[in-house]
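Notes follow once the structure below has been shown.
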Amino acid sequence: MKEIGHWINGKLVAGTSGRFADVFNPATGELQAKVALATTAELDAAVADAEKAQVAWAATNPQRRARVMMKFAELINAHMDELAELVSLEHGKTLPDARGDVQRGLEVIEVCMGAPALLKGEYTDGAGPGIDIYSMRQALGVVAGITPFNFPAMIPLWKMGPALSAGNAMILKPSERCPSTSIRLAQLAQEAGLPDGVLQVVNGDKSVVDAILDNETVQAVGFVGSTPIAQYIYGRAANNGKRAQCFGGAKNHMIIMPDADMDKAADALVGASMGAAGERCMAISVAVPVGEGTAEALIERLVPKIEKLKVGPYTGGADVDFGPVITAQAKARIEGLIASGVDAGATLVVDGRNLNIQGYENGYYVGPTLFDNVTPDMDIYLQEIFGPVLTMVRQDSYEDALKLVMDNEFGNGTSIFTADGDTARDYASRVNVGMVGINFPIPVPLSYYTFGGWKKSAFGDLNQYGPDAFRFYTKTKTVTARWFSGIKDGVALNFKALD
Ligand code: NAD
C-alpha cells in the first residue's frame, strides 16, 4: 500500500507516529494509499525548522521572492494536466473541473508576482518639524494553512501565495482525504526556488491541527473547512494570541425574479448546484423563485437538463458532468438528508439516490436531485448538504426572498437573476452576504479582489486573497523619525554630516 508522508525541509519524509488515515479513490471506492498523521513532536520540529528558514526568506528582497512566484506559476502551468489528474484521483472531480481547481489557485499566485508593490509602506514627509513618519510591512514569521478536501489545489495555493510572497514560512496541513496535491505543489515551489523549510507540508488530523493552534511560534492561521471546525479553530487560535481567518460552510441562495431570463437562470442553476457534485462552498444549494409561476417555469426547464446530466468517474470521458462525492460516509449522509426531505413533506422532483454506475458499483456516486416546496424549518434547508442537491424555497415577493437570505445563518455567496437593475442593485447593497452575483451564479471573486463570506461562513479576518491578504500576513511597523538629532556641539548628525 502506498504511504504518503510529509514534505519537510525540502524532502519527502515518512511519518513516525504509526497512525495513518485511509485515502480512497472515490470513483472506484478502492483504498489507494495511507497518509501519515503527524504527532505534535513532528509538527513542532517542522515549525522550528521553518522558523530558521524564514529569517533568510524574509530578508530576501520582495522582488526576488516575487520571481519565485513567477517561476512557480510557470511550473504549475507546465504541470497542469499532472496536477489535475492528482486532484481527480483523490477527490473524484472531472478533469476539466480539476484543471479549474488548479487554475483558480494559479491566479492567486499570479497576483503574488506583484508582492513588491502590494507590500510597500507609506511615508509622510514633514509630519512635524524635521520629523517624518513612515511605515513598513514585515512578515509575521511562521504561519499555518489548514485546508479542506474539496479544492486540493486551489485552496492550498490561496494560502501559500500571499503568505510566502510576504516573506513568511508556512506550515500547510492539507485535508487527509486529498493530501498528494499539496506535496506535489511544494515540490514545484522548491523547483521554482523556494528555499527548503519555508513551506512544510505536514499531514494529519485533529491532533496535529491542535498542535498547530497551540504552537507558540505559529503567528497566524488560515483555515478553510466546515463551520463547526472553523469556529473551533478561530476560538482556539485567538485564545492563543494568533491571527486567524477561518472560512466555513455555506448555504448559498439564488433568487429568481419573475422578470429573469428563465432559460439562463435554469442553466445557471444546474451548473451552480450540481457542478463538482455540489461539493463547492460557493455552490448554489437553494433556488428562491419569486412570485406566481416562477417555480413552475424553472422546473419545466430544470428537469430535462438535470435528467441529461451524466455522472461518472473522471476517467469516463468528456461527457461526464460530475463525479462521485468524497467518501462513502458523505454519500450515506447526503442520501439520508434526501430521505429526511421526503419525510418532512418536500416534493422530490428528481431523486438521485441509488445511482448505479456500471463497472463503478463501489464508487461514491449520488445523482442530481431536485426538491420543490422546501420550507426553512426542514433539515435539507438548514444543513449544508454538500452534494448535488438543489432545494427550492418559493417566496411571494422580493422582500420575502431577501428576508429568507438575510435570516439564514450562512453568508458565503448569493445571486439574483433579474432583468431589473434597481432590484439587482438593491439586493447587492442590502443583502448580508459576502459575495454577490447579479445574473451570475457563482460569484467567486477574481484573485485581485478578496474572497470572504459573512455570518457563520467566516470568522476573523475575511481577506483570503487579493491585496488585503497581504495585510493579514504582515504586521505594520511605523517609525517616527527626527533625522537631525542636533547633538555633537551643534553639528547635526544629518545626511550631510554623514557623507
Ligand atoms: P472539514 O472541516 O472536515 O476539514 C477541514 C480541515 O480541518 C481538514 O484539514 C481537516 O483535517 C481539519 N479538521 C477536521 N476535523 C477537525 C477537528 N475536529 N479539529 C481540528 N481540525 C479538524 O471540512 P471538509 O469536509 O474537508 O471540507 C468541506 C467544508 O469546507 C464544507 O463545509 C465547505 O463549505 C467548506 N469550504 C469552505 C470554503 C470557504 O472558503 N468558505 C471553501 C471550501 C470549502
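Going by what's in this entry, would TYR360 be described as outside the structural domain of ALA220 (by TED's automatic domain parsing), away from the ligand (no atom under 16 Å from the Cβ), assigned to a loop (DSSP other than H, G, I, E, B) and under 29 Å from PHE472 (Cα atoms)?
Values: outside the structural domain of ALA220 (by TED's automatic domain parsing): yes; away from the ligand (no atom under 16 Å from the Cβ): yes; assigned to a loop (DSSP other than H, G, I, E, B): yes; under 29 Å from PHE472 (Cα atoms): no.
Criteria not met by TYR360.
Restricting the search to region 95-141, which residues are among the hydrophobic types (A, V, I, L, M, F, W, C) and either outside the structural domain of ILE229 (by TED's automatic domain parsing) or part of a strand (DSSP E or B) (or both)?
Filtering region 95-141 down to residues among the hydrophobic types (A, V, I, L, M, F, W, C) leaves 95, 98, 102, 106, 108-109, 111-113, 115, 117-119, 127, 131, 133, 136, 139-140.
Selection gives ALA127, ILE131, ILE133, MET136, ALA139.
Of the residues examined, ASN252 is not one that is polar (S, T, N, Q), more than 7 Å from the ligand (Cβ to nearest atom) and closer than 24 Å to LEU12 by Cα.
Is at least one residue of region 213-220 near the ligand (Cβ under 9 Å from one of its atoms), within 21 Å of ARG471 (Cβ to Cβ) and not hydroxyl-bearing (Ser, Thr, Tyr)?
Taking region 213-220 and keeping what is near the ligand (Cβ under 9 Å from one of its atoms), we get 213.
So of that shortlist, the ones also within 21 Å of ARG471 (Cβ to Cβ) come out as none.
Within region 213-220 (the criterion being near the ligand (Cβ under 9 Å from one of its atoms), within 21 Å of ARG471 (Cβ to Cβ) and not hydroxyl-bearing (Ser, Thr, Tyr)), the answer is no, since none of the residues qualifies.
Every residue, every condition in (1) under 30 Å from LEU370 (Cα atoms); (2) free of Cβ contacts under 8 Å to residues at least 60 places away in the same chain; (3) not in a helix (DSSP H, G or I); (4) not aromatic (Phe, Trp, Tyr), yes or no:
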site	(1), (2), (3), (4)
GLY197	no, no, yes, yes
ALA211	no, no, no, yes
GLU216	no, yes, yes, yes
GLY222	no, no, yes, yes
MET254	yes, no, yes, yes
LEU269	yes, no, no, yes
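Considering ASP343, ASP263, ASP267, ASP259, the condition of being closer than 27 Å to VAL433 by Cα, loosely packed, with under 14 Cβ neighbours inside 10 Å and at pLDDT 95 or above is satisfied by ASP263 alone.
Among the residues making up region 339-356, a single one is touching a Phe, Trp or Tyr at 6+ places or on another chain (Cβ under 8 Å) and assigned to a helix (DSSP H, G or I): GLY341.
Does ALA144 satisfy the condition of being surrounded by 21 or more Cβ atoms within 10 Å (Cβ to Cβ) and part of a helix (DSSP H, G or I)?
Numbers: surrounded by 21 or more Cβ atoms within 10 Å (Cβ to Cβ): yes; part of a helix (DSSP H, G or I): no.
For ALA144, the condition - surrounded by 21 or more Cβ atoms within 10 Å (Cβ to Cβ) and part of a helix (DSSP H, G or I) - is not met.
Per the listing LYS251, LYS308, the residue uniquely surrounded by fewer than 24 Cβ atoms within 10 Å (Cβ to Cβ) and modelled with pLDDT of 95 or more is LYS308.
Pull up region 197-210, narrow it to residues that are closer than 17 Å to GLY18 by Cα and surrounded by fewer than 24 Cβ atoms within 10 Å (Cβ to Cβ), then point me to the one that is farthest from the ligand (Cβ to nearest atom). Among those that are closer than 17 Å to GLY18 by Cα and surrounded by fewer than 24 Cβ atoms within 10 Å (Cβ to Cβ), it is SER207. Restricting GLY235, GLY193, GLY167, GLY161 to residues that are more than 16 Å from the chain's Cα centre (by Cα), buried (at least 24 other Cβ atoms within 10 Å of the Cβ) and either in a helix (DSSP H, G or I) or touching a residue at least 24 places away in the same chain (Cβ under 8 Å) (or both) narrows the list to GLY167.
For GLY291, the conditions (1) more than 14 Å from the ligand (Cβ to nearest atom); (2) surrounded by 24 or more Cβ atoms within 10 Å (Cβ to Cβ); (3) not charged (D, E, K, R) all hold with the exception of (2).
The values are calculated or read from the model by the stated rules, or taken from the named source; none is laboratory data. Keep in mind it's a predicted model, so treat the numbers as computed, not measured. Neighbour counts run over all protein chains shown; Cβ positions are idealised from the backbone, glycine included.
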